[in-house]
Amino acid sequence: MTILGEQIIGHAVSKGTNGELRGLDAATGKALEPGFGGATLADLDRACELADAAFDAYRETSLEDRAKFLETIADEILALGDELIERCCQESGLPRGRIEGERGRTMGQLRMFAGVLRDGGFLDARVDPAQPERKPLPRVDLRLRNIPVGPVAVFGASNFPLAFSVAGGDTASALAAGAPVVAKAHSAHPGTSELVGRAILKAAQTCGMPEGVFSLLYGTGREIGQGLVADRRIKAVGFTGSRAGGTALMKVAAARPEPIPVYAEMSSINPVILFPAALAARGEAIGKAFAGSLTLGAGQFCTNPGLVLAVDGPGIEAFEKGAAEALSAMPAAVMLTPGIHKAYVDGVSAVEGHAAVKTVAKGEAGGELRGQAALFQVAAPDFVAHPELQDEVFGAASIVIRCRDEAELHSVLASLEGQLTAAIHIDEADHAAAKAILPILERKAGRILVNGFGTGVEVGHAMVHGGPFPSTADGRSTSVGSKAIERFLRPVSYQDMPEALLPDALKDANPLGLWRRNDGKLVAPKG
């Protein structure tokens with residue numbers, strides 16, 4: 001498949017006329033062919049018009065047809081073969097193995113949501129039958145199901161050019177919910193985005209989905225992104241990116257005559273808490289494992305361990321020794337974009353130049369566009385006194401906070417903002433102390449893990465990839481796992497609706513074969 005620099009609006013493929021953007025070779029910074037035309041406001045209007053027109057037809061497609069659509073998207077992505085892998089590696093600077101794994105995760109998400117559709121539990125079908133003889137008042141017949149909120153805007157992410165982008169988790173969960181998607185490609189990987197967008201278009205046409213179920217736009221400035229969120233036909237937004245970008249979109253959404261939810265994954269430093277017995281037993285080994293997690297993908301993960309907390313003593317000395325030895329041998333790694341590289345260098349310089357901060361170790365120095373790993377140290381009172389040290393440095397940099405005692409460690413944790421993850425390293429002798437901080441961690445993070453690091457997010461039914469603000473805009477949601485579909489659904493109740501007018505999910509005969517709540521009790525389908 002040839003990359004032509006074209007946008008997709010419904011079934012039409014065309015070159016945008018509002019300026020031009022180009023992908024860059026991440027390793028060299030050189031512009032790649034072809035140029036991509038930016039969308040005009042008229043293009044945006046057309047994409048939203050088609051999505052709105054497709055909504056009622058698409059949301060009532062059968063669960064099996066929608067499931068096959070998602071599976072066909074996965075098949076078409078796989079069929080792109082090496083062309084997708086090579087372009088994605090070139091635009092992102094990420095190694096082939098990482099991109100192949102991410103392609104697998106992208107296809108896995110789509111197929112997981114196909115299973116969610118066939119199960120039908122996401123509809124949350126409920127039936128409270130009428131009780132005309134009830135005293136003192138009869139009870140009406142009430143039935144409930146979830147329906148999609150409407151067309152969804154999805155913004156591609158810089159650090160996951162496949163799994164969090166055009167056909168990533170936001171798109172997969174929205175399409176599964178029955179919501180058409182208007183996607184805005186990330187400017188860092190336009191060629192990757194076109195290839196995946198064409199795969200979705202081909203799948204939509206093959207499966208007979210209504211025109212407008214998917215569109216892909218490119219923007220040469222903020223006009224298209226903000227215009228997409230402001231468009232009255234868009235009813236929800238999925239975004240992964242910076243805190244500044246996410247909060248800007250939240251403001252646009254809140255200022256609309258009809259405000260809409262923005263499910264934005266933004267900023268997280270993912271604290272790692274090291275307990276005494278674990279440190280005494282394997283402090284140096286934990287340090288080496290930490291260095292591997294910190295530098296994975298040049299540290300460009302939203303779950304990167306950007307903070308380490310421990311009570312001062314020999315154990316934390318051993319951890320720092322192990323981490324420093326491992327980091328010192330780490331080569332500088334290509335970062336995703338020149339802008340991300342500059343922000344990382346500036347962030348590291350700010351931390352390194354802070355009066356309260358000591359440098360523990362640095363990785364090997366790198367050339368242009370390569371990030372050098374860095375580990376710093378600060379005393380707990382100084383960290384609490386300087387909130388700027390909580391700012392995320394997006395890359396392979398972390399700060400060790402040395403606490404005088406458990407009370408000071410608790411105080412530091414209480415001062416933190418919301419996080420995607422929190423990790424604890426424990427042995428059995430640490431269980432009582434770990435139990436004492438779990439309530440704090442539950443208030444602060446969406447996922448709590450033991451004897452590991454947050455990098456690596458399993459796509460499953462029990463995963464939460466979300467957390468209190470600013471890690472996400474809405475801490476009640478997740479952008480990974482089957483529960484992600486819930487972001488794009490809302491409940492509708494039907495009172496005394498004639499059987500002939502009820503949706504299949506709520507008919508007495510239960511033609512979809514769903515598990516349903518009858519009078520509050522979960523009931524299996526007959527047969």
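The values are calculated or read from the model by the stated rules, or taken from the named source; none is laboratory data. Remember, predicted model here, so these are calculated numbers, not experimental data. As a convention, Cβ positions derive from the backbone with ideal geometry for all residues, glycine included, and neighbour counts pool all protein chains shown. Note: areas computed on protein heavy atoms with side chains; ligands, DNA, RNA excluded. Shrake-Rupley method; radii C 1.70, N 1.55, O 1.52, S 1.80 Å.
A few notes on this one:
- In the context of the full set of protein chains, residues of the chain present 40 Å² of accessible surface per residue (probe radius 1.4 Å, heavy atoms only).
- With the biggest extent put first, the Cα atoms of segment 273-374 measure 42, 28, 23 Å across the principal axes.
- Local charge for Ala374 was computed over the other residues whose Cβ lies under 10 Å away, with Lys and Arg +1 and Asp and Glu -1, and equals 0.
- Using R0 = 30 Å, the C-beta based FRET efficiency linking Leu78 and Thr28 works out to 0.55.
- Calculated from the alpha-carbon coordinates, segment 51-125 shows an Rg and a Dmax of 15.6, 46 Å respectively.
- Its Cα gyration tensor gives segment 59-215 an equivalent ellipsoid. The semi-axes, each the square root of 5 times an eigenvalue, are 39, 14, 13 Å from largest down.
- Electrostatic bookkeeping for Ser471 treats Lys and Arg as +1 and Asp and Glu as -1; over the other residues with beta carbon under 13 Å from its beta carbon, the sum is +1.
- Per-q log10 I(q)/I(0), segment 123-257, q = 0.13, 0.15, 0.18, 0.21 Å⁻¹ (Debye; single scatterer per alpha-carbon; no solvent): -0.60, -0.74, -0.98, -1.26
- Sequence-separation-based contact order of segment 1-114, relative, with Cα cut under 8 Å and 6+ spacing, percent: 25 percent
- When its C-alpha radius of gyration is set against 2.2 N^0.38 Å (N residues), segment 309-437 gives a value of 1.12.
- Residues whose amide H falls under 5 Å from that of Leu489, counting only those 5 or more places apart or on a different chain, are Val149, with hydrogens built in the peptide plane.
- Using only side-chain charges placed at the Cβ, +1 for Lys and Arg and -1 for Asp and Glu, the dipole size of segment 370-527 relative to its Cα centre rounds to 520 debye.
- Amide H contacts of Val272 (H built 1.01 Å from N, under 5 Å, at least 5 apart or other chain): Leu307, Val308, Leu309, Ala423
- Relative contact order (percent, whole number), segment 181-225, Cα cutoff 8 Å, 6+ residue spacing: 58 percent
- With contacts taken as Cα pairs under 8 Å at a separation of at least 6 residues, the chain carries a relative contact order of 17 percent.
- Proximal lysines relative to Lys358, as straight alpha-carbon distance under 24 Å, when same-chain residues fewer than 8 apart are discounted: Lys288, Lys321, Lys342
- Mean residue ellipticity (222 nm) of the chain, computed from DSSP H runs ≥ 4 via -39,500 (n - 2.57), nearest 500: -12000 deg cm²/dmol
- J(HN,Hα) series, segment 299-310, from Karplus relation 6.51 cos²θ - 1.76 cosθ + 1.60, nearest Hz, glycine and proline x: x, 8, 10, 5, 9, 4, x, x, 8, 10, 10, 7
- Overall form of segment 143-214: oblate. Here a/c, set by the Cα gyration tensor axes a ≥ b ≥ c, is 1.5 or more, and a/b is not larger than b/c.
- Viscosity 1.567 mPa s, temperature 4 °C, Stokes-Einstein D of segment 1-120 from Kirkwood C-alpha radius, µm²/s: 77 µm²/s
- Other-chain or far-sequence residues with amide H under 5 Å of Arg516's (modelled H): Val523
- For the chain, the carbon plus sulfur part of the accessible surface works out to 54%, probe radius 1.4 Å.
- For segment 1-66, the list of trypsin sites (Lys or Arg not before Pro) that fall in a loop by DSSP and count at most 12 other C-beta atoms within 10 angstrom reads Lys30.
- Pair-distance distribution P(r) for segment 398-465, from all Cα-Cα distances in 5 Å bins starting at 0: 3, 14, 24, 28, 19, 8, 3, 1 percent.
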